[in-house]
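The values are calculated or read from the model by the stated rules, or taken from the named source; none is laboratory data. Here the structure is a predicted model, which means the values were calculated and not measured. As a convention, Cβ positions derive from the backbone with ideal geometry for all residues, glycine included, and neighbour counts pool all protein chains shown.
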Number of protein chains: 2
Amino acid sequence: MSRTVVMKFGGTSVGTTERIAAVADRVCKHVQETGDSVVVVVSAMSGETDRLISLSNAVNQGKPPVREYSQLLASGEMVSSALTSMAIQKKGLKSHSLMAHQVRMITKRSFGQDLILDVDSSRIKELLAENIVPVVCGFQGIDDKGDFTLLGRGGSDTTAVAIAAALDSAPCYILTDIDGVYSALPKLCPKAKKLNKLTYEEMLEMASSGAKVLQSRSVSLARTFKVPLWVCSSFSNEEGTEIVEEYPGMEEAIVSGITCRTDEAKLTLRNIPDEPGYAGAVLSALAEVGINVDMIVQSQGESGRAELSITLDRADLSRAEEALQGLVENRLDGVRLESDAKIAKLSIVGEGMRNHPGIAAKIFEILGANKINIELITTSEIKVSVALSDEVAEKAVQILHQHFVENR
Amino acid sequence: MSRTVVMKFGGTSVGTTERIAAVADRVCKHVQETGDSVVVVVSAMSGETDRLISLSNAVNQGKPPVREYSQLLASGEMVSSALTSMAIQKKGLKSHSLMAHQVRMITKRSFGQDLILDVDSSRIKELLAENIVPVVCGFQGIDDKGDFTLLGRGGSDTTAVAIAAALDSAPCYILTDIDGVYSALPKLCPKAKKLNKLTYEEMLEMASSGAKVLQSRSVSLARTFKVPLWVCSSFSNEEGTEIVEEYPGMEEAIVSGITCRTDEAKLTLRNIPDEPGYAGAVLSALAEVGINVDMIVQSQGESGRAELSITLDRADLSRAEEALQGLVENRLDGVRLESDAKIAKLSIVGEGMRNHPGIAAKIFEILGANKINIELITTSEIKVSVALSDEVAEKAVQILHQHFVENR
């Protein structure tokens, strides 16, 4: 039976005109061999977005106005979609490229991000009915005035899933320069395993903890609309990783994947008096200057007073220190602000954790035995994250991968 | 009194981020010093359109599909308009960039060209009412489906005039890398004069005869809607050339300008029998393969039979010969096809010609005295065009400029 599928190709996959020809070849072969109707979504050619950002920097010498920045960056996908559509036509199929306003990919601004509200799939369905392959610009949206907006780094994944959702939850293939999701970065852990299946939940935790393979928003959208999602290589035909609601045996392996971010920093406020609202004031001061915090840990410190530690992007550290300076200096009770710029965050993710309490303790034990100090720890249902010095992060990933993945 | 004016900047004027800053500076100074409301129209950064064309060539190895080619090339103005808008904001004014679909610049395809049908000025008027400087992408249109179309090389001039027309025939300034329209190319005739005023008619004849300063369609649109039009330098504040319906003394100078195209070719069919419809068949055969002809001259040749000569773009010559080959070979009556690839066309334009018959004769006389052979000649009310060997074209321009412009 003929189906509709969405295939998303990232910037590396459309990075040169030769690669665009290879993408066209893959799309056309898929159509001819399976009879599927294919909707293509593309990112900008790799390097193009950076070129546009540097033009913007040259003009603005600072923060660019959002509306024009969106209009500028959206041009990158306009180029790659038109070239991909031409290449598909060259291989003998009909094809049209479509920008965000042509598929009415409507977004709404919320906390500094543009989130997809709605997609009008009628134009795409019309094209498919005429056997025309739509090539949709990833990364772009439009606001209620029809002006361009952006879905953030990796936003083309979200474009692809949103279109798949609008096409009655069509299967969505994210074709990229790796051949699936791994239990850890293979260059860090040579014995890392390609994961055949992952739950949305696992993928979401991994994506938001540093696995760069998918924008986390796309996973969350896929989960909501039950879009069948695959991550596979655009360069080979090997099976990739399938993201599903559940899979047999998912509770047996405690750990599915280990991710690591090495670009974090830590701020610690010590000697906080036992008084309500202090943590709230700290987080508000950071939110006001647009800084996202990652881990938040409050604990009882020395002499009965509290300690509050947060991790954040290293690039935001000095702005965060400035924002909190007032809060600390205006107090006479000796609150101290300390910072550490060299922090990594390591996350261990797995559905199996739901039924295996004590993983956090096990992690402490293993790392402790290897003389690796954990600075902070947070846990969720299926994830344990630890902050540690970035100098020992790689070693910690290798040790934990060996213990939880390789030796099972 | 506060007015609205349209200022169009070409590719060289927005060719670098430094030049874009200079454009922004000029626009902001104009607004602050005069109180005028300004609508900006920009071309793509110089070199950008060629870069996009070479990407298209790499994918298509031949003629690209029109719809995708338009989408691809329209991205060039998307970049320059966003950067220009950012630069204007940097100088302290509010500004929004707008693409063709955001101003509903609707075009209609006619004989291989996309012509402007309509512009919706409501969004522009709304922005002006809020003191926001609109920066409109030149060169682009949309068709009735909302897909991008292109207005041809130099099409941004036409965008600017169309917007000026829609804004109740607002004055339109074409800001470019020259400081006005000259009586001849200054590098060819060092004594060439900058023309303070020209009639629409004169400008139209010059633009369609090789003066690259304005797209001829823009002049014709300006004439229809009585849009006051100026050509001036984007780099200096000198007075440019004003294009008007009429100006005092316009009939006194016989010749306003001399233009020259050196990229033409000539086809001659000799020994045509005296039979109706032959010229029509020749022109139809060329039209079928999409070749535009320029000059067409039919004359009585040797032995009472006719001769038909046409000039055309040199790049089209071999396709034209192919298209006519059948027409010649299928006849037994000895029609011969000859071609000359090295033809230039020189045009002498001036309102004064209306009242001075015999200019063509004078041109023959002057060139003859200088041993320059004229191959073809056509005349209109205010123009005489001659085709001649491209080797003598420059000399011919200099001699005629000396006689008709410098020595008066």
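What the table shows:
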quantity	calculated
Exclusive hit being in contact with a Ser or Thr (Cβ under 6 Å, 6 or more places away or on another chain) and either at negative phi or at pLDDT 95 or above (or both), set B:VAL59, B:VAL40, B:VAL66, B:VAL31	B:VAL59
Residue, farthest from B:VAL66 (Cα to Cα), within region B:127-143, restricted to residues that are surrounded by fewer than 24 Cβ atoms within 10 Å (Cβ to Cβ) and out of contact with any Lys or Arg (no Cβ under 8 Å at 6 or more places or on another chain)	B:ALA129
Test set (1) surrounded by fewer than 22 Cβ atoms within 10 Å (Cβ to Cβ); (2) among the hydrophobic types (A, V, I, L, M, F, W, C); (3) over 14 Å from A:GLY10 (Cβ atoms) - A:ILE178 fails condition number	(3)
Complete set of residues in region A:78-132 that are closer than 24 Å to B:VAL79 by Cα, part of a helix (DSSP H, G or I) and at the interface with chain B (Cβ under 9 Å from one of its Cβ atoms)	A:MET78, A:VAL79, A:SER81, A:ALA82, A:LEU83, A:THR84, A:SER85, A:MET86, A:ALA87, A:HIS101, A:GLN102
Among residues of region B:53-65, those that are more than 7 Å from every other protein chain (Cβ to nearest Cβ) and in a helix (DSSP H, G or I), counted	3
Selected residue [facing another protein chain (nearest Cβ under 9 Å), of a type in the set (D, E, K, R) and out of contact with any Gly (no Cβ under 9 Å at 6 or more places or on another chain)] from A:GLU33, A:GLU68	A:GLU68
Residues within region B:170-198 that are assigned to a loop (DSSP other than H, G, I, E, B) and in contact with a helix residue (DSSP H, G or I) (Cβ under 9 Å, 6 or more places away or on another chain), tallied	12
Complete set of residues in region B:185-218 that are touching a residue at least 60 places away in the same chain (Cβ under 8 Å) and closer than 20 Å to B:VAL6 by Cα	B:THR199, B:LEU214, B:GLN215, B:ARG217, B:SER218
Qualifying residues in region B:92-114 (those that are touching a residue at least 60 places away in the same chain (Cβ under 8 Å) and buried (at least 17 other Cβ atoms within 10 Å of the Cβ)) - the one farthest from B:PHE148 (Cα to Cα)	B:LEU93
Residue under evaluation A:SER46, criteria (1) away from chain B (no Cβ under 11 Å); (2) of a type in the set (Gly, Ala, Ser); (3) buried (at least 20 other Cβ atoms within 10 Å of the Cβ), criterion not met	(3)
Of all residues in region B:16-35 being part of a helix (DSSP H, G or I) and small (Gly, Ala, Ser), the one that is surrounded by the fewest Cβ atoms within 10 Å (Cβ to Cβ)	B:ALA22
Any chance B:GLU245 is closer than 28 Å to B:VAL405 by Cβ, modelled with pLDDT of 85 or more and out of contact with any Leu (no Cβ under 7 Å at 6 or more places or on another chain)	yes
Search result, residues across region A:199-241 that are closer than 21 Å to A:GLY138 by Cα and out of contact with any helix residue (DSSP H, G or I) (no Cβ under 9 Å at 6 or more places or on another chain)	A:LYS212, A:TRP230, A:CYS232, A:SER233
Test: residue in region A:329-343 that is under 30 Å from A:TYR200 (Cα atoms) and of a type outside the set (Phe, Trp, Tyr)	yes
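Per-residue answers, yes or no, for (1) among the hydroxyl-bearing types (Ser, Thr, Tyr); (2) within 30 Å of B:LYS193 (Cβ to Cβ):
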{"position": "B:ILE254", "(1), (2)": "no, yes"}
{"position": "B:THR259", "(1), (2)": "yes, yes"}
{"position": "B:PRO273", "(1), (2)": "no, no"}
{"position": "B:TYR278", "(1), (2)": "yes, no"}
{"position": "B:VAL282", "(1), (2)": "no, no"}
{"position": "B:ILE296", "(1), (2)": "no, no"}
{"position": "B:LEU312", "(1), (2)": "no, no"}
{"position": "B:LEU327", "(1), (2)": "no, no"}
{"position": "B:MET353", "(1), (2)": "no, yes"}
